[in-house]
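What follows draws every value from the coordinates through simple rules; no lab data is involved. If you're wondering where the values come from, they're calculated on a predicted model, not measured in any experiment. For neighbour counting, all protein chains shown are included, and Cβ atoms are generated from backbone atoms with ideal geometry for every residue, glycine included.
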Amino acid sequence: MLWLAAYVLLVLAPMAFVLVAPDAARRSGLTNASDGIGFSALAMLALQLVLPARLRLFTRPFGVDVLLRFHRLIGGCALALAVLHVVLLMADDPGRLALLNPVTAPWRARAGVVATGALALLVALSLWRRPLRMPYEAWRGSHLLLGVLVVAAALGHVVGVGGYLGLGAVQASVAALAVLGAGAVFALRVARPFAAAGRPYQVEQVTPERGGATTLRLRAVGHGGVPFRPGQFAWLKTAGSPYALEEHPFSFASSAARPAQVELTVKAVGDFTTGVRALEPGSRVLLDGPHGSFSPARPDAAYVLVAGGIGITPVMSLLRTFADERDPRSLVLVYASRRWEDVTFREELDDLAGRLDLRVVHVLSDPPEGWPGERGRVEARLLARVLPADVRERNAFVCGPPPLVVATVEALRELGVPAEQVHAERFADV
């Protein structure tokens, strides 16, 4: 709540510029409202460059998936404010419609039109990338370029209009927003890749798994590996240049007790993930991480683990870490899959059940004939039936497709598990 309050304050504070401007009384109410909304939209746009920059100041308490969902939500809000800024100006004086003419309008007006149009295109491509069948890497590159163009054009618009730049507070704020946006882009696209390039990994083994997944075993080259916690993930980059845009996030599936030997398990769902199978042992890759905010609310408590499909990978990291540490705590895993033959890590889970105090409950949506276990989908009645009586005292870790995660989090709430003890990962959002 404190972080949210700080964000709202940063976005709304620029509206005060309108109130303290010497000529505010000479402007109409609609123009003043439009100017205040425009300043708030500018602040929001600059902060949009910060949210996805993977800064640990923000990723540690929230997690990257939460920040990216917030980033998507705020993108639409910023577009709405920018459009409202224009609409109020035109409504106050219809003669200003001439400012929308790209041929005759002054450059400051053209900069505002470019910023609004680029922002609308950016939001549209984000919403309809999949229906348009736009490749992920192409979308990502356009998203970055459009984002920088939006902020640069918006700053140019403010400087060109210049009505408020006589105020020292406005000058300082506009300069701070410019530095903030540029710094965030530099951190994400230059500093982080440079740091990752100094910590390369080598592919040791590529192993096919059940369910169309592939496990990459990586070994740190020239360093001891990057320490991580179970439940965290990293962006994997296989391109020759550390500054290439092609990278994807994958959970650590290996034990956190051995950071120099990392395993990532990837399910083939697109060009990049399918291409992972073709990596040759000896290939160099880069990891940007660890990321993820998982930290159990009750560090010494037992666990309830709920996974769906490839969401089993962070759970495997947790189980393998506990096995290496010979942790005696009680663990219950509810693992949803489609078919029995596609259950990733099926045999190893049987082995871990013999080494840990672990009970595995498989739930199949397409079970074979005579299947004696749970069937259907993970929902409240099933969890109430299979989870232990002390579920309220346990940490809960949930990972999988968004529908499974939403249903499980709601079911755990109904079972009385405190919200602070439930951690959920939605990979579709990252």
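Please find, in a Gaussian network model of the chain (springs between Cα atoms separated by less than 10 Å), the residue of Phe294, Phe397, Phe70 whose mean-square fluctuation is greatest.
Maximum among the listed residues: Phe70.
Could you list Ile312, Ile37, Ile74 in order of exposure, starting from the residue whose Cβ has the fewest other Cβ atoms within 10 Å?
Numbers: Ile312 29, Ile37 23, Ile74 17.
With the sparsest Cβ surroundings first, the list reads Ile74, Ile37, Ile312.
Take the alpha-carbon positions of the chain, form their convex hull, and give its projected area averaged over all directions (one quarter of the hull surface) in nm².
24.1 nm²
Hey, what do the phi angles of region 385-396 turn into as Karplus ³J(HN,Hα) couplings, whole Hz, using 6.51/-1.76/1.60 and θ = phi - 60°, x for Gly and Pro?
Residue by residue, region 385-396 yields 7, 9, 7, x, 5, 8, 4, 5, 8, 9, 6, 10 Hz.
Calculate the length of the line joining the C-alpha centroid of region 99-150 to that of region 316-341, in whole Å.
45 Å
Could you please rank Cys399, Cys77, placing first whichever residue has the fewest other Cβ atoms within 10 Å of its Cβ?
By the 10 Å Cβ count, ascending, the order reads Cys77, Cys399.
Would you compute, from DSSP H runs of 4+ residues alone, the mean residue ellipticity of the chain at 222 nm, taking -39500 (n - 2.57) per run and dividing by the full residue count, rounded to the nearest 500?
Values: 14 runs with 196 residues, N = 430.
Counting only the DSSP helices, I get -14500 deg cm²/dmol.
Looking at the chain, send over the antiparallel percent of its DSSP beta bridges, to the nearest 5. Please report the intermediate quantities before stating the final value.
On the way: 25 of 51 bridges.
The antiparallel proportion sits near 50 percent.
Can you bin every Cα-Cα distance in region 2-196 into 10 Å intervals starting at zero and give me the percent of pairs per bin, rounded to whole numbers?
8, 34, 36, 17, 5, 0
Each residue of region 343-355 in order: what ³J(HN,Hα) in whole Hz does its phi give by Karplus 6.51 cos²θ - 1.76 cosθ + 1.60, θ = phi - 60°, with x for Gly and Pro?
6, 5, 6, 4, 5, 5, 4, 4, 5, 5, 5, x, 9
Pop out the ³J(HN,Hα) list for region 214-220 in order, Karplus 6.51 cos²θ - 1.76 cosθ + 1.60 with θ = phi - 60°, rounded to Hz; leave Gly and Pro as x.
Calculated HN-Hα couplings, in order: 9, 9, 9, 9, 10, 10, 5 Hz.
Which angle between 0 and 90 degrees, to the nearest 10, do you get for helix 136-161 versus the longest principal axis of the chain when only C-alpha atoms count?
30 degrees
Test of understanding: in a Gaussian network model of the chain with alpha carbons linked when under 10 Å, which of Leu132, Leu84, Leu146 would top the mean-square fluctuation ranking?
Leu132
What is the fewest-to-most order of Asp342, Asp351 by other Cβ atoms lying within 10 Å of their Cβ?
Going from least to most buried by this count: Asp351, Asp342.
Taking the chain as a Gaussian network, where each spring joins two C-alpha atoms under 10 Å apart, which residue of Arg326, Arg189, Arg284 fluctuates the most?
Comparing Arg326, Arg189, Arg284 in the GNM, the peak value goes to Arg326.
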